[in-house]
Amino acid sequence: MATIHKTQTPVSPDDILKFWFEQSTPKQWFTKSQAFDDVISHRFAGSISDALAGRLAAWCERADDNLALILLLDQFTRHIYRDSPSAFAGDAQALCLSQRALERGWLQSCGSLHRRKFMLMPMMHSEDLEVQQTALPLFEQFTDADTLRFAQRHEEIVARFGRFPHRNAALGRPSTDQERAFLQEPGSSF
């Protein structure tokens, strides 16, 4: 887990979007890296705390601000709180914001593939099978083949187990024998 830095410097939604989409790479987004986690923590820990506490609710009224809030709650938490329950603490809020992006047409009008992926990512992270199944056509329509493949894999796991067994240790949930066997299978990890 990253060393958590509570910065006092105010961060804007634009700062978050520039960091994620212009100053970072897709490899950094999806590769476990203590150095990258520490950068996120140093720059954004205060904003992540504010988002988790609901102090950035005003950000959900504009498409770009809403996406920045999704990143804080769905992605940045996974980086700075890796392997702990806090990694998933923003999931419910992020899912609501993802659904808002769809309801308000922000997803449909977004011209950036990468931005659309992250607008939808909280649906992929949901342990609710109905959310997973509803999201698959959205991933097919608004993302690429690789992202759809990951979304399908996530849906298969939730359909099979009702949750993501990969989270059990971090969340202090006991694993079933079937989940333990699954976690030992090649390719079971995302």
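The values are calculated or read from the model by the stated rules, or taken from the named source; none is laboratory data. Because the structure is a prediction, the values reported are computed rather than measured. Reconstructed Cβ throughout: ideal geometry from the backbone, glycine too, with neighbour counts over all protein chains shown.
Miscellaneous remarks
- Among helices (runs of 4 or more DSSP H) entirely within region 48-148, having at least 2 residues that are of a type in the set (Val, Ile, Thr) and either at pLDDT 95 or above or within 17 Å of the chain's Cα centre (by Cα) (or both) singles out 77-80, 129-142.
- Test: residue in region 164-185 that is of a type in the set (A, V, I, L, M, F, W, C), closer than 26 Å to ALA51 by Cα, in a helix (DSSP H, G or I) and touching an Asp or Glu at 6+ places or on another chain (Cβ under 6 Å): yes
- Residue count, region 62-88 (criterion: surrounded by fewer than 19 Cβ atoms within 10 Å (Cβ to Cβ), of a type in the set (Ser, Thr, Tyr) and touching a residue at least 60 places away in the same chain (Cβ under 8 Å)): 1
- Close pairs from region 10-38: first more than 19 Å from ASN66 (Cα to Cα), partner outside any helix (DSSP H, G or I), Cβ under 8 Å, at least 6 apart: LYS32/ARG82; GLN34/ALA2; PHE36/SER24; ASP37/MET1; ASP37/ALA2; ASP37/ARG82; ASP38/ALA2; ASP38/THR3
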